[in-house]
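Here the structure comes first, spelled out in structure tokens, and everything after it is commentary.
The values are calculated or read from the model by the stated rules, or taken from the named source; none is laboratory data. Worth saying up front: this structure is predicted, and the values here are computed from it rather than measured. When we count neighbours, we look across all protein chains shown, and the Cβ atoms used for this are built from the backbone with ideal geometry, even at glycine. To get the accessible areas, we keep the full protein, side chains included, count just its heavy atoms, and leave off ligands, DNA and RNA. Shrake-Rupley method; radii C 1.70, N 1.55, O 1.52, S 1.80 Å.
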Amino acid sequence: MAKFKITLDTNAIINHFDLVHTSPTSRAELEEIMQMWEDNEIDVAITTRVEADLGQDRDKARRDAMLAKAEVLPVFGSIFRLSSSDLDGADVMMSDKHKDTVKKIADILSPAGIDRNAKTFLNKINDVDHLAGHKMAGRDVFVTDDGTMNKKAPELKVLGIEVMRHAEALVEIRRRLHSL
């Protein structure tokens, strides 16, 4: 049977690796998920947007430390965007099918639209791309503490994107491992 495939959001990387982070959440659950990955029980990976998200951190030392620590995880691509993608990277050009999926994800996460002039523009686009990459890669669960994504989980599930908080994902991982 194929391993259960978990995609971690950027907040999981920060909460797991930044031990001086002022408000870590789900640290115990992340520790257990990461241990299961290290024990080769599950497949854990991140999208190329983790680098784009972390690149926005104004604290260069923290940014560089998080990027270095995130390098231990496998990375898979998302949607190619000039603002976020490397020409020789893992991101892919959008087909019509991808465009439709990206639009549906964006409409779910930001029903009023994503304002290009808002300070949150890059974060919102990266969230859309994380989820699009997750779906394109055929992964099982996207794990995040992002309130909007978790609130919209039922709508995203209709698109075939399972979004869970860390604790929920851990319960599901244990259930699947014990059913083998």
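Simple point charges give the picture: +1 on the Cβ of Lys and Arg, -1 on the Cβ of Asp and Glu, and for the chain a dipole about the Cα centre of about 520 debye. Loop-located GluC sites (Glu not before Pro) in segment 1-98 (DSSP state other than H, G, I, E, B) with a sparse environment of at most 12 neighbouring Cβ atoms within 10 Å: Glu71.
Going by accessible surface with a 1.4 Å probe and the largest first, Ser85, Ser95 read Ser95, Ser85. Given a 10 angstrom Cα cut-off, can you work out which residue in Pro111, Pro74, Pro154 is the most mobile in a GNM of the chain? Residue with maximal mean-square fluctuation among Pro111, Pro74, Pro154: Pro111.
Kirkwood radius, segment 3-97, all distinct C-alpha pairs, inverse of mean reciprocal distance: 14.4 Å. Tell me whether segment 32-80 comes out rounded, prolate or oblate; compute the Cα gyration tensor, take square roots of the eigenvalues as a ≥ b ≥ c, and use a/c under 1.5 as the rounded threshold. Verdict is oblate for segment 32-80. Helices in the chain, meaning DSSP H runs of at least 4 residues, each add -39500 (n - 2.57). Divided by all residues, the mean residue ellipticity at 222 nm is -15000 deg cm²/dmol.
Across segment 117-173, Cα-Cα distances exceeding 15 Å account for 49% of all pairs. In a GNM of the chain with a 10 Å cut-off on Cα contacts, which of Asp59, Asp140, Asp107 has the highest mean-square fluctuation? Evaluated over the chain, the most mobile residue of the options is Asp59.
Which residue, Met149, Met164, Met93, has the most motion in a Gaussian network model of the chain that connects Cα atoms within less than 10 Å? Greatest mean-square fluctuation among the candidates belongs to Met93. Using the 1.4 Å probe convention, the accessible area of the chain works out to 54 Å² per residue with neighbouring protein chains retained.
Can you give the charge dipole size of segment 84-144 about its Cα centre, rounded to the nearest 20 debye, using +1 on the beta carbon of Lys and Arg and -1 on the beta carbon of Asp and Glu?
Working: 9 positive and 10 negative charges, 47 e Å.
The dipole magnitude comes to about 220 debye.
Here segment 102-118 and segment 32-71 have alpha carbon centers that stand 25 Å from each other.
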